[in-house]
Amino acid sequence: MPHEKQRLAEDRERTKNWKRWGPYLSERQWGTVREDYSASGWSWGAFPHDHARRRAYRWGEDGLQGWSDRKGRLCFAPALWNGKDPILKERLFGLGGHEGNHGEDVKECYYYLDSTPTHSYTKALYKYPQAEYPYIHLRDENARRSRTEPELELADTGIFSEGRYFDVVQEVAKRTPEDILWRITITNHGPDPAEIHVLPTLWFRNVWAWGNEREEPRVKPHLQLDGLPVLASHEKLGHYHFHADSPDLKKPLRWLFTENETHAPSVFGTKAKTPYAKDAFHRFLINDEKDAISPLPSGTKTAALLHFVVPPGESVTVRCRLNSLRETNDLEGLDHFEETFAERIAEADLFYDGIIPTDSKPEERLIFRQGYAGLLWTKQFYYYVIEDWLKGDRDSPPPSERLTGRNHDWKHFFARDILSMPDKWEYPWFAAWDTAFHMIPFAAVDPDFAKSQLLLLLREWYMHPNGQLPAYEWNFSDVNPPVHAWAVWRVYKISDSKGSRDLDFLERCFQKLLLNFTWWVNRKDAAGNHVFGGGFLGLDNIGVFDRSHCLPDGAQLNQADGTAWMASYCLTMLAMALELAVTKPAYEDIASKFFEHFVNITDAINSLGGTGLWDEKDGFYYDQLILDHDKPIHLKTRSLVGLLPVIAVTVLKKKTIDALPGFRKRMDWFLVNRPDLLKYISVRRVDGQKNPHRCLLAIPTEDRLRRTFTRLFDPAEFLSDYGIRSLSKIHEKKPFVFTHGDQTNDVRYSPGEADTDMFGGNSNWRGPIWFPTNFMIIEALERYYYYYGDDLKFEYPTGSGQLHTLREIAINLCDRLISLFLPDENGERPCFGDAKRYSKVPHWQNLLLFHEYFHGETGEGLGASHQTGWTALVVRLIRERREKLRSGDFTED
């Protein structure tokens, strides 16, 4: 067994705790809901970036591509100073939601380059300018710019010109689970010698200052110099030695010590609890405050101070080791350092050789390695206990507004886990539907983690007692699309081969999903007619008004996407129930329930009030607004909202139905007694094929499918060179305008960043390309092809005169999405827009970013720059879906 697979097995069997340590440190803890103890609930202002270096965090820590144990108790990250910056670089800088012209945005250049699933080897890059970092200019210029202008990024300031920056490469290798090595390589790419101070920093999260009984230690953790290494002592973690040195150091390094405590005089204007505070190293080094650091070689935060002048084109290396005193491996200090790295790098290569298809091109392999690296690097320790948060801390009782404000009705919520984050800077908190998509690519490299994450959100300390899943920390009661069941089903199938799949995992999830499904039916089907609402449903600004807020004059909104998601939810639960029923016949009963529920939803979306949410003239599904109980009004915005009904599709095999007589009997009874619903079920025989008798369950009839796909495949509407747009391009010249009373709203095609203030302007579903919805549309095309085969063809692109099967179209859409990350004929990757450095400058080439969404015309990456979570679906497209399509191995799976 390859070494990394063996480590995964040992971790799964709990014989070795390989995942106890990892890159679990957030890139941003400031500005989060967890650290907000204000009356206003404005998190960006309650704990701004300016406080981060001086104020102790309550609920987590952050650092520059840092590491911690799985409960965030002991943390490691480097700090840097180029001799010019006004602030010690301990964390990434960015603008808060109120500061950027397109909402919050990190203003740094950093890249996740490699990681194994157990983090036995990781690698990341940070580009550190040699000139003074332009904090004020970035803040002021972005504040000046309007929503219609692009963001000013760090590279736009010219600070990287002439190569005047350091590449700071952090690599970590685990010798054994509790013997960890860091190698920090700093390279000067500029034309002149350049100064840099490097401070490998080790500290304990402050758990002693808040009066919280869950965490307050009996014995305060501490760090102290123990000869050459530092001794770290923690009552639960145990005792560790921390070594640091550099073969390039000209004189002995110096250890600095302080306490991880708030510098109260500068933050609050109050008396300090200790003269040695969190920002001591910044004040000592940059402000020349020699008494800022502790005169004693002990504290709760320490750093080795290393100073270099790096010649042009050359590198220096800093080496560190953190090991449990129980796990020395009979090695002293930094012995066997380089050999361990060589071993772990070779093992990482071997592991991914077994994951990446052997015929993948070098550029595709790059996408795989950095896609998985970003996915694995964005695991984070997430700590948030609502009961404790509502109470406040010993010295800071909560404002009265807290008790009736954000998340107050989620008192059961208790998170102290490693979670997959959308983006550890822009979104350093989990979002339920993001997590679902993350787990699809995760399942190929670490199926145990994928399963555990999906189960975790269904546990009673996450899921609300009423069955709702928590959306995200800004508002747990908001509503994300119900894709959790879909993710469970996909992970179940991806993780194991047929015949050895994890039925226990499937059944455990299914039981909890029944509660969530019931919540949806009871809360989001307002009239009980099988047509659903749900609010913004993750699509932020896609509607003509904010669908998360109260509608005009108490109106009711029947949502095409909400109804489509629920129809898809039914089909997924039906598939699960049928799978479970093979060994447990009791599940046949619940399978028939989901079959009936799907047919009723399909009937409602197509027929309620005549044509349901379908507009016969336009050949498209629309949201439907009901004002004053009057005649429904179609909100004629052609968007993903009207495309999503096509994803509610599955194909049942006759042999599956026949093997479950109880389900077959109930299905036959339903169809005999409801002949009006037979039109929603199609049956065909495919001669010469395995499983020739097939039954199609789908929202659109074949005619409505054809009409919808005609628009979907039209370059003048949804089809971009890089995938499916979120809003039809027709609204560029013909915006949809809705007027009610004295209020007028419109929706117009905006292929780049948002030009409206809805949802803070940092997200845009009015034209850009989004991976999660593209992925689900491609899956739907595959299922339709499994049913219709080569008999059903479409003009693709619309207007081209060329007919293609849905299989061929699915392949082409995969290619369009993958091309975002591949060099074109000029060596330029569309995802980087007009940033020529990624194609022209050697040390910027072969770097990838996995953005939140992509420009509908140019393919440029937009939004959060490190949202590898759901954009890592690209590796799934390459690794399995695209290969499967091309090989002709095509099933309903």
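The values are calculated or read from the model by the stated rules, or taken from the named source; none is laboratory data. Since the structure is predicted, the reported quantities are computational estimates derived from the model, not experimental observations. Glycine also receives a Cβ, built like all others from the backbone with ideal geometry; neighbour counts cover every protein chain displayed. To get the accessible areas, we keep the full protein, side chains included, count just its heavy atoms, and leave off ligands, DNA and RNA. Shrake-Rupley method; radii C 1.70, N 1.55, O 1.52, S 1.80 Å.
Being farther than 13 Å from LEU74 by Cα and of a type in the set (Asp, Glu) is the filter here; which residues of region 200-256 pass it?
Residues satisfying the conditions are GLU213, GLU215, GLU216, ASP226, ASP245, ASP248.
From TRP429, TRP425, TRP474, which residue is in a loop (DSSP other than H, G, I, E, B), in contact with a strand residue (DSSP E or B) (Cβ under 9 Å, 6 or more places away or on another chain) and open to solvent by 10 Å² or more (accessible area, probe 1.4 Å)?
TRP429
For region 362-382, state whether one or more residues are more than 24 Å from the chain's Cα centre (by Cα) and either more than 30 Å from ALA431 (Cβ to Cβ) or crowded, with 19+ Cβ neighbours inside 10 Å (or both).
Step one: filter region 362-382 for residues more than 24 Å from the chain's Cα centre (by Cα), giving 362.
When the remaining residues are screened for being either more than 30 Å from ALA431 (Cβ to Cβ) or crowded, with 19+ Cβ neighbours inside 10 Å (or both), the result is 362.
Yes: one or more hits.
Enumerate the pairs (first residue in region 269-284 and under 13 Å from THR300 (Cα atoms) and open to solvent by 10 Å² or more (accessible area, probe 1.4 Å); second residue anywhere and part of a helix (DSSP H, G or I) and not hydroxyl-bearing (Ser, Thr, Tyr)) with beta-carbon separation below 8 Å, excluding pairs fewer than 6 apart on the same chain, so at least 6 apart or on different chains.
Partner pairs satisfying both residue conditions: TYR276/ALA292.
Looking at region 375-410, which of its residues are in a strand (DSSP E or B) and modelled with pLDDT of 95 or more? Show your work before the answer.
Pass one, region 375-410, residues in a strand (DSSP E or B): 379-385, 393, 396.
Selection gives LYS379, GLN380, PHE381, TYR382, TYR383, TYR384, VAL385.
Being open to solvent by less than 50 Å² (accessible area, probe 1.4 Å) and either of a type in the set (Val, Ile, Thr) or out of contact with any Gly (no Cβ under 7 Å at 6 or more places or on another chain) (or both) is the filter here, so list the residues in region 134-143 that pass it. If you could, list the steps in order and put the result at the bottom.
To start, the set of residues in region 134-143 that are open to solvent by less than 50 Å² (accessible area, probe 1.4 Å) comprises 134-135, 138, 141-142.
Result: PRO134, TYR135, LEU138, GLU141.
From the list LEU608, LEU627, LEU677, which one is surrounded by 15 or more Cβ atoms within 10 Å (Cβ to Cβ), more than 29 Å from PHE775 (Cα to Cα), out of contact with any strand residue (DSSP E or B) (no Cβ under 9 Å at 6 or more places or on another chain) and in contact (Cβ under 8 Å) with a residue 40 or more places away in the chain?
On the way: LEU608 fails: out of contact with any strand residue (DSSP E or B) (no Cβ under 9 Å at 6 or more places or on another chain); LEU627 fails: out of contact with any strand residue (DSSP E or B) (no Cβ under 9 Å at 6 or more places or on another chain).
Result: LEU677 is the single residue among LEU608, LEU627, LEU677 that is surrounded by 15 or more Cβ atoms within 10 Å (Cβ to Cβ), more than 29 Å from PHE775 (Cα to Cα), out of contact with any strand residue (DSSP E or B) (no Cβ under 9 Å at 6 or more places or on another chain) and in contact (Cβ under 8 Å) with a residue 40 or more places away in the chain.
Search region 326-348 for residues that are of a type in the set (Val, Ile, Thr) and pair each with any residue that is modelled with pLDDT of 95 or more and open to solvent by less than 80 Å² (accessible area, probe 1.4 Å) when their beta-carbon atoms are under 7 Å apart and the residues are at least 6 apart or on different chains.
Hits for this filter: THR340/ALA173; THR340/ARG175; THR340/LEU181; ILE345/TYR121.
If LEU334 meets every condition in (1) open to solvent by 60 Å² or more (accessible area, probe 1.4 Å); (2) assigned to a loop (DSSP other than H, G, I, E, B) apart from one, which number is that one?
It fails just one condition, (1).
Could you pull out the residue among LEU469, LEU514 that is within 30 Å of LEU625 (Cα to Cα) and in contact with a His (Cβ under 7 Å, 6 or more places away or on another chain)? Reasoning before the result, please.
On the way: LEU514 fails: in contact with a His (Cβ under 7 Å, 6 or more places away or on another chain).
Result of the check over LEU469, LEU514: LEU469.
Identify, from the list LEU228, LEU237, LEU325, the residue that is open to solvent by less than 10 Å² (accessible area, probe 1.4 Å) and among the aliphatic types (A, V, I, L, M).
On the way: LEU228 fails: open to solvent by less than 10 Å² (accessible area, probe 1.4 Å); LEU325 fails: open to solvent by less than 10 Å² (accessible area, probe 1.4 Å).
Unique residue meeting the criteria: LEU237.
Looking at region 437-471 only, could you name the residues that are farther than 15 Å from PHE414 by Cα, outside any helix (DSSP H, G or I) and within 15 Å of the chain's Cα centre (by Cα)?
Scanning region 437-471 gives no hits.
Considering each of TRP565, TRP520 in turn, give the residue that is among the aromatic types (Phe, Trp, Tyr), part of a helix (DSSP H, G or I), closer than 30 Å to ASP755 by Cα and in contact with a helix residue (DSSP H, G or I) (Cβ under 8 Å, 6 or more places away or on another chain). Spell out the reasoning first.
Values: TRP520 fails: closer than 30 Å to ASP755 by Cα.
Criteria check complete, one pass: TRP565.
What's the number of the condition ARG91 fails, among (1) part of a strand (DSSP E or B); (2) within 17 Å of LEU199 (Cβ to Cβ)?
Condition not satisfied by ARG91: (1).
Filter region 144-167 for residues that are open to solvent by less than 70 Å² (accessible area, probe 1.4 Å), part of a loop (DSSP other than H, G, I, E, B) and among the charged types (D, E, K, R) and give the result.
ARG145, ARG147, GLU149, GLU151, GLU153
Within region 587-618, work out how many residues are touching a Phe, Trp or Tyr at 6+ places or on another chain (Cβ under 6 Å) and of a type in the set (Phe, Trp, Tyr).
1
Scan region 630-661 residue by residue and report those that are at pLDDT 95 or above and either of a type in the set (D, E, K, R) or surrounded by fewer than 14 Cβ atoms within 10 Å (Cβ to Cβ) (or both).
The answer is ARG638, and nothing else.
Open to solvent by 60 Å² or more (accessible area, probe 1.4 Å), farther than 19 Å from LEU325 by Cβ and of a type in the set (Lys, Arg) - does that describe any residue in region 212-219? I'd like the intermediate steps shown before the answer.
First, pick out the residues of region 212-219 that are open to solvent by 60 Å² or more (accessible area, probe 1.4 Å): 213-214, 216, 218-219.
Pick out the ones that are also farther than 19 Å from LEU325 by Cβ and you get 213-214, 216, 218.
Among the residues that remain, those that are also of a type in the set (Lys, Arg) are: 214, 218.
Yes, there is a match, as at least one residue in region 212-219 is open to solvent by 60 Å² or more (accessible area, probe 1.4 Å), farther than 19 Å from LEU325 by Cβ and of a type in the set (Lys, Arg).
For LYS127, state whether it is basic (Lys, Arg), modelled with pLDDT of 95 or more, open to solvent by less than 10 Å² (accessible area, probe 1.4 Å) and in a strand (DSSP E or B). Talk me through it step by step, then tell me what you get.
Working: basic (Lys, Arg): yes; modelled with pLDDT of 95 or more: yes; open to solvent by less than 10 Å² (accessible area, probe 1.4 Å): yes; in a strand (DSSP E or B): yes.
For LYS127, the condition - basic (Lys, Arg), modelled with pLDDT of 95 or more, open to solvent by less than 10 Å² (accessible area, probe 1.4 Å) and in a strand (DSSP E or B) - is met.
Residues of region 42-69 being small (Gly, Ala, Ser), more than 24 Å from the chain's Cα centre (by Cα) and under 20 Å from LEU95 (Cβ atoms), which ones?
First, the residues of region 42-69 that are small (Gly, Ala, Ser): 43, 45-46, 52, 56, 60, 63, 66, 68.
Next cut, more than 24 Å from the chain's Cα centre (by Cα) only: 45-46, 56.
GLY45, ALA46, listed by residue number.
State which residue is surrounded by the fewest Cβ atoms within 10 Å (Cβ to Cβ) when the search covers only region 792-817 and only residues that are in a helix (DSSP H, G or I) and of a type in the set (A, V, I, L, M).
ILE811
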